[in-house]
Amino acid sequence: MAPAPGLFPATAWTLVQKAVSGEDAQAHARNELLARYWQPIYVYLRRGGRPAAEAEDLTQAFFVHLLEKHLLERVRVRQVRFRGYLRSVLEHFLANEARLAMTRKRKTSTLDVASAESWLASSSAESPEMAFDRVWAVERLQSAVAQLRAELTNTGRGWIADALISRVGLGTAADPTSVKDLAARHAVSENQLSVAMHRARERLRELILEEIRDSVSSPEEATDELNALFAALRGQRT
Amino acid sequence: MDCPKCGQQWPDLSGGALQGGCPSCLLEFAFGPSAPPSDLDDGLDVPPARLGPYHILGTLGRGGMGVVYLARHEGLDRTVALKLLNPAIARQKSFPERFQREGQVLAALAHPNIVGVYDLGCEAGTYFLAMERVVGQTLRQIIDAGPLPPARAVPLFAQLCEALQYAHDHGVVHRDIKPENVLVEDSGRVKIGDFGVAKLIGDGSSVQSSLTQSGAVVGTRCYTAPEQLERGKSVDHRADLFALGVVLYEMLTGELPLGIFPPPSRKAAIDPRFDAMVLRALAKERDQRPASAREFKEQVQRLQATPARRRWTTLLAGSILIAILCAVGAVVFRQGGTDEPVVTQRVEITVPQVTALENTGRRILSGHKGKVLAVAFDPARPLLATSGEDRKVRLWDSRTGVESGAFDAIPRPEAGNLPLAFAPGGRRLATASGDGIVRIWEVARRKESLTMRGHGREVASIAFSPDGNTLASASHDRTVRLWDTQTGKPRHTLDGFADPVLAVAYSPDGNRLAAGAMNGGVKLWDAKTNEEVAKCGHARRVYALAFSPNSELLATGSHERNIKLWDLTMVPPRPTLLVHGAEVWAVAFSPEGDVLASGGHDGIVRLWDPGTGKLLDSLTGHSAPVVTLAFSPDGRYLASGSWDQTAIVWDRKSMPRGQNRDLYPPSFAVLLPQEPLGVRLPHRFQRLGIPIDRLAEAVADGA
């Protein structure tokens, strides 16, 4: 079954490669790059104390900067981790106040930042770097789950994704829903449910690893990056 | 909000994919320790709602090989038994090749006593067999009700032999004959199910024993010929004859010939001449068994036809008269029992009718990670090649949808298109790529045999001349280059384009070469002299070109959202306009010339009558732009490749005409009109609110 368009975003370096290539694919990849990675940048800026309007402008300016300075082309050799690279370019970008003054004058358009703003409501103590990693991690996880859901939905088993979320236990219920209740809710046997959950979990693991793998340069780095993802989600400093 | 489990604070994420789930807990869950459910391998889990064109209605049964569902093919409105093979089986090494090889044999078996296979293939990673469903009893159920009198057993047995003889004549050994696999219709017709599936799923030893529950192993093993249990020993049709012997013994006596077993006539009131016959089939040495199923059948039938009197004289000569008489009494008594109405559970099982291989209307090939960029049929074999954004060329059996191989088309990852073209005789496949290099591959060995360098930029399209001696490549460097396909040396360069050249095609008669460009211009050359003979075109980019089989028509598809059909017999060529309704990425003529297919940015494949310009059908199965199309050499199949990461093989024979639109409602087409031409925006970007042209402007401002 074909996935819904937009649910299978290419991973970081693949996108970068396209973004710096020519023709149609380029514009598409650039959009995708922006869509996937603007949130961590925005939250980083906000956590760094910049007001919403300025953070918004800077987020856009940063992407323009990335493209116009051909910064992505420089790293096409994949020698670095994408997350780290993006963050260091961002820090560098912010250090150059003269450029900031220039970019601030240039109005492009308005970002819909409501979802990103909601990040700022919680754990106000975190540093911009932590916020960046945390948002980054959640976005990668969201992307993997979205893909899992799409895959399941395409075979008419979208409910398994819901069951998985309920089983992990959050949302409204304080405790994870029991296998028994879930099986009853979805009209399957308990064993069927456990088998389905087991498979979905295995797939989710693969998808998360895929998300990570393409943004690093080696398998060892992938392990590191996964650990970083864990740490960021636990609220620890990497 | 706070996670009640780990206490972390999260913003309200209920709008996202996690639906408010705690990301940290989800990650812990995904990577944390857990034991798989105990009977994970017991078939597939919860029934999917659908599989490809099949709507799943219920479960019929499950076994070691997988689960059998009752399903309906939507296009053909036919109810089938759909067997989904256990994923553990599909994970075996070399399974896809075996599935493809054996599947073709199975699908070709057409006998009134064999359960036919309608369709088999792979959908979304799940291997399946679609068989006809009928209502009847298994021989197991019949035997469980009591032994059969020879008058009833022999006709059933004869049908079994006929089916097996037919299969053996076609080189197929069942390998798993047992009463559970033999179905008996109310009319008395016997159908053998699961034909050859034992071989299909592997040689058994490791997989079979690990997948089958212990009880089932014992049950099946009784029917297994000794040589089947010996490692490394070849198995031939005589293994089936052994199983036939066991089944006959069981039919006559109601019991299995286990351990040291008495001859059948000691267990039931039957002619003792059956004994030798049955024992012969059960011989440990296969040379001693009957030579063929036909011979076995004829012996048994002859015996049944001989007068009963002789049986008695033989018997009277024996010294076990009393024992026999007792046995007869017992059987008469039992027979009395079977004459009463017997309540047996009715089951619905797979049983064939006359079996022609019929295909589903379409087959989805998924395997590419990223967009599918090109499809091409091998002119000589049922082989389809596809290329994708993952830089791989994948090879598929075009009839079953089974992937038979893949190779990397480009040593380094490079962005850009990856066009494909088979050489006219097959065997050789040309690819070209973003690095401007054109390559020719030996398909069988997946080996690059020629490398042609010369283009300065991405190659968008390639085409072989009909004689196979020349390969034309169209490039963004604004040229079309002609290459010698034996030496790889450049022959000629056609230039004069002001814009990148996006498409190239040879006329089937070999006289014309056409190319389409970014600015919409189309040029025609005399392929012999390389002189330009005509110009035509569109106002916007032309990605699609195809000549009709008689070389009299040229179809050009444009991002103008239409197709022009040029009559080349007129000077200058005169166009007929066909409106696809979305940017056209691909066009293809059927080999008979009766259909022109166009693939568009709306994900729809439209079929046209090139004679009248009438729209014949619209095929909706893709959820993203269809960028490549090809007809199989016999004209039966149409392959389409799309940015939705799949290729679809449409079977023109079993495709319900004009109904596909309703079957596969487009989820994507409705989104298109709001989008800028030629670009698909991700939904999240739209929410973000920066139009793509604005971003480009911003870049331009800064530069």
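The values are calculated or read from the model by the stated rules, or taken from the named source; none is laboratory data. Note that the structure is a prediction, hence the values are computed from the model and not measured. Glycine gets a Cβ as well: all are built from the backbone with ideal geometry, and neighbour counts include every protein chain shown. Note: areas computed on protein heavy atoms with side chains; ligands, DNA, RNA excluded. Shrake-Rupley method; radii C 1.70, N 1.55, O 1.52, S 1.80 Å.
Observations, loosely collected:
- Listing of region A:143-158 residues, each with accessible area lower by at least 20 Å² in the full protein assembly than in the chain alone (probe 1.4 Å): A:VAL145, A:ARG149, A:THR155, A:GLY156, A:ARG157
- Dipole of region B:362-665, positive end: most advanced residue of B:GLY516, B:THR487, B:GLY613 [Cβ charges, Cα centre]: B:THR487
- On the beta carbon distance between B:ASN550 and B:ALA49, with R0 = 51 Å, the FRET formula returns roughly 0.65.
- The phi-based Karplus calculation (6.51 cos²θ - 1.76 cosθ + 1.60; θ = phi - 60°) puts the 3J(HN,Hα) values of region B:485-499 at 7, 8, 9, x, 7, x, 9, 6, 10, 9, 10, x, 8, 8, 9 Hz, whole numbers, x for Gly and Pro.
- Counting heavy atoms of the protein chains alone, B:THR306 has an accessible area of about 40 Å² for a 1.4 Å probe.
- What the Cα atoms of region B:362-665 give is an Rg and a Dmax of 17.4, 51 Å.
- Mean per-residue shielding of peptide B:635-647 is 1, counting Cβ atoms of other chains within 10 Å of each Cβ.
- Loop-located trypsin sites (Lys or Arg not before Pro) in region B:519-603 (DSSP state not H, G, I, E or B) with no more than 12 neighbouring Cβ atoms inside 10 Å: B:LYS528.
- Here the calculated FRET efficiency for A:THR223 and B:ARG381, from their Cβ-Cβ distance with R0 = 45 Å, stands at 0.55, rounded to the nearest 0.05.
- Two-site FRET efficiency, B:MET570 against B:GLN486, from Cβ-Cβ distance with R₀ of 30 Å, rounded to 0.05: 0.25
- Partner chain coverage, peptide B:433-439 - average Cβ within 10 angstrom: 1
- In order through region A:151-161: 3J(HN,Hα) via Karplus (6.51 cos²θ - 1.76 cosθ + 1.60), integer Hz, x for Gly, Pro: 5, 5, 4, 5, 9, x, 10, x, 4, 5, 5
- Using a probe of 1.4 Å on the protein chains alone, the accessible area found for A:TRP136 is around 10 Å².
- Close amide H pairs (under 5 Å, H built 1.01 Å from N) link B:THR59 with B:LEU70, residues at least 5 positions away or on another chain.
- Only Cα pairs under 8 Å and 6+ residues apart enter the sum, and on that basis the relative contact order of region B:362-665 stands at 13 percent.
- Rounded to the nearest angstrom and listed largest first, the equivalent-ellipsoid semi-axes of region B:352-494 from its Cα gyration tensor are 29, 17, 12.
- Taking label points 7 Å from Cα along the Cα-to-Cβ direction, B:ASP634 and B:SER234 give a separation of 3.0 nm.
- Here the simple spin-label model places points 7 Å from the Cα toward Cβ, and for B:HIS170 and A:GLU91 these points are separated by 7.0 nm.
- Summed buried accessible area for A+B [probe radius 1.4 Å, Å², rounded to 100]: 7000
- Distant-in-sequence amide H partners of B:ALA409 (H built 1.01 Å from N, under 5 Å): B:LYS392, B:VAL393
- For B:ARG175, the amide hydrogen comes within under 5 Å of the amide hydrogens of B:ASP240, counting only partners 5 or more places away or on other chains and with H modelled in the peptide plane.
- Members of B:LYS392/B:LYS447; B:LYS267/B:LYS297; B:LYS523/B:LYS564; B:LYS178/B:LYS297; B:LYS535/B:LYS564; B:LYS369/B:LYS523 lying beyond 24 Å, as alpha-carbon distances in this model show: B:LYS369/B:LYS523
- The label point for B:LEU57 and the one for B:LEU258, both projected 7 Å from the Cα toward the Cβ, are 3.8 nm apart.
- Rolling a 1.4 Å probe across all protein chains gives B:SER618 an accessible area of roughly 10 Å².
- Among A:196-208, A:84-96, A:137-149, B:497-509, sorting by the average number of other beta carbon atoms lying within 10 angstrom of each residue, highest first, gives A:137-149, B:497-509, A:196-208, A:84-96.
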